[in-house]
Each structure stands twice: as C-alpha cells, then as structure tokens.
Amino acid sequence: MKALVIGGTQFIGRQLVQTLLRGGHEVAILHRKPEHDFGKRVANFQADRNDPRQVKAALNGQVFDAVFDLAYDWERGTPAQAVAEVAHFLTGSIGRYVFVSSVAAYGDGLNHHEGDALAADDHPDAYVRNKAQSERALFRLFHRYGTPITTIRPPFVYGPGNPIYREQFFWDRIRDKRPIILPGDGRRLMQFVYVKDLVGAMIRAVEVPAALGHAFNVANARPLTQAELIDAYFASAGKQTAVARVPRERILRSGGHPMGPRLYFGVYFDLPPVTMVISKAQRVLRFKPTPFLDGLKETYRWYLRHHTKPQIDYTFEDSLLNGYRAQIAS
C-alpha cells in the first residue's frame, strides 16, 4: 500500500507512520516543515494543510492507495472547507480517504450511534463545529463525486508518546505524593481509546471494502467515571495517593479551567460527557479494543522511561484544598 499521512509527526500520526512502515507499506507524510525525523523511508511533502492551494501544489500528480487525514490546527482551527477541498482534489487518484474526526462531533449526549445527528453548524465550540462540518462536507463528496471517504470518531486517545498533559498529570502527582483533586462527585463519564487500537482501526478502514462511505465509533466499549479513572491510574502505577473531592462550582469560581493554566484534572479531562457505542466498528472492522488497564500499564512503562517531570506549581491546587474542607476519599 502507498499511503499518505496528513499530519504524521505527532502522537497519533507518528504511531500510524511507524505501524505502516512495520507492515512494509510505502509511506509519505504531508506537514508544514521541510523535513522530518523518520529517515529516507518516508517521503516528505511540505504544505500547510489549512491552505488547500499549498496542498494541491505539493501533491499534484501523486497517486495513493490511502490517505489518512489526522492533522488539526489547534491554534487556528481546521475548517471544513480546507478538508473538503483537498479530498475533492484527490478524488480519482486515491483508493480511500480516512478522516480522523472525534466523538466531539456529536456535540453532546450519551451512547451515540454513527447514524445520530452531528453537532449543528452554529455550535459554540470551534473544534466541535469544525469536526462536524468536515464530516458532513466529506460525505457530500462521497455521494456527489464518489470520493472514497471513511471517517473515524475516537474519544480521548491515550498511550505511549502522548504529548498532552493527561496521564502524566496524575502519575506526576502520585510520584509527588500529592492529593488528586476529583471534581464534584466523580461520576462524570469519560471514554477512551488506546492509540495503537485507533491506528489499527484506521488501517482496517482501508482494508475492508464495506467500510467505504461509513463513519465508525472507535473506543473502549465501557466509559469510565472520573473516580474509576483515578483508580485505574493507581492500579497501573502500583501505588496511590489521597483523593480530594472538591465541588466543581468552587473549582470554576476559583479560576480553574480544563485547558489550564489553572489545571486541576488533566488537560481537557473535565468536560460534559459524550459517549458512544462501538458495535459497528466491532462488526465491520473486527475492532477489538485493548483492555484499558493493559494499555495504561504499557503507557506507564513509557512514562517511567521517557517522561521528564516538570517543575509543577501547586499553588492553585493548594488554594482549592486549603480554602475548602475537601472530602478525602480512599
């Protein structure tokens, strides 16, 4: 297979490129930099994926069996027009276009199936809006022009190499013997997918003819509560620390934000829940998710080998703990 990865140098993309290479495939990446660190086996195309003219100029005349589109510009957003123009341009010269969307595309709600409506065009969150609009635009191309689209909707992605301060947030506090703040009653649901499982599903979406023209929810089947998530971090590390329940209202009034800088529960880990059902991926893609604790233990081993613990300013967390008689849970 000759594959192009749009955005192949970060967490998910890096895992995808390495997996494709191990499988003996011919791989190229498209990103904004003039070079990468994968070596000569991986071809390099330089372009800003938000600028369709650059992308078209870089890829003009190229033919691929598969294009994996997983780049998102977190500073400017990646609008649907940028995604759709590139997919339309490549129509006729690709075998499959796999777009990595997100559970966020549903906007809100629990137990979503792939046929459920996606978030509206006027949704206030730009990321939600861009992912939902991009999917709608891609499926219009599929129906009008035969663009060979498949979309993948993951929830929170975890695993070795994750650059986002999530798993590390909790293990750093365990190592420092610091209380972990649990927002509210700890029952807010979160759903996860192991990065290696996500990459495997993306490749299967190319290999399986029946995946053409479909969206797939790809995740661990059972969401976890935030309290269960902390227990899983304890189990993966083989050690634990105190857990302090603090009302979410107090956290937010004090300036806490799930994206920081006053972070209190891992980056973006305290959002209104959106969950989904994965039976379609299990049936069509033969998707078999790694047990969460197994993947987390492997991630913890990576953390011990590679993570450099930052100098953490615990002032905000101390203010929450000191200013409120937090309930300490076992």
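Numbers at a glance
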quantity: Selection within the range 65-84 - closer than 26 Å to His25 by Cα and of a type outside the set (A, V, I, L, M, F, W, C); calculated: Asp65, Asp69, Tyr72
quantity: Filter pass, Asp313 being more than 21 Å from Leu224 (Cα to Cα) and either in the same structural domain as Arg187 (by TED's automatic domain parsing) or in contact (Cβ under 8 Å) with a residue 40 or more places away in the chain (or both); calculated: yes
quantity: Filtered residue count, the range 8-45, keeping only those that are in contact with a helix residue (DSSP H, G or I) (Cβ under 8 Å, 6 or more places away or on another chain) and either among the hydrophobic types (A, V, I, L, M, F, W, C) or assigned to a helix (DSSP H, G or I) (or both); calculated: 12
quantity: Number of the exception - Asp48 against (1) outside any strand (DSSP E or B); (2) surrounded by fewer than 16 Cβ atoms within 10 Å (Cβ to Cβ); (3) acidic (Asp, Glu); calculated: (2)
quantity: Any hit, the range 77-95, residues being at pLDDT 95 or above, in a strand (DSSP E or B), within 26 Å of Gly200 (Cβ to Cβ) and of a type in the set (A, V, I, L, M, F, W, C); calculated: yes
quantity: Restricting the range 60-88 to residues that are buried (at least 16 other Cβ atoms within 10 Å of the Cβ) and aromatic (Phe, Trp, Tyr), the residue that is nearest to the chain's Cα centre (by Cα); calculated: Tyr72
quantity: Failed criterion for Pro310 (all others in (1) over 21 Å from the mean Cα position of the chain (by Cα); (2) at pLDDT 95 or above hold); calculated: (2)
quantity: Any helices (runs of 4 or more DSSP H) falling wholly within the range 151-246 and containing at least 3 residues that are modelled with pLDDT under 95; calculated: none
quantity: Matching option when the condition is surrounded by 14 or more Cβ atoms within 10 Å (Cβ to Cβ) and under 19 Å from the mean Cα position of the chain (by Cα), among Thr225, Thr241; calculated: Thr225
quantity: Some residue of the range 245-265 being surrounded by 22 or more Cβ atoms within 10 Å (Cβ to Cβ), under 26 Å from His112 (Cα atoms) and not assigned by TED's automatic domain parsing to the domain that holds Gly95; calculated: yes
quantity: Selected residue [outside any helix (DSSP H, G or I) and surrounded by fewer than 17 Cβ atoms within 10 Å (Cβ to Cβ)] from Pro272, Pro289; calculated: Pro272
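The values are calculated or read from the model by the stated rules, or taken from the named source; none is laboratory data. Note that the coordinates shown come from a computational prediction; the quantities given were computed from them, not determined experimentally. Virtual Cβ from ideal backbone geometry, glycine too; neighbours counted across all protein chains shown.
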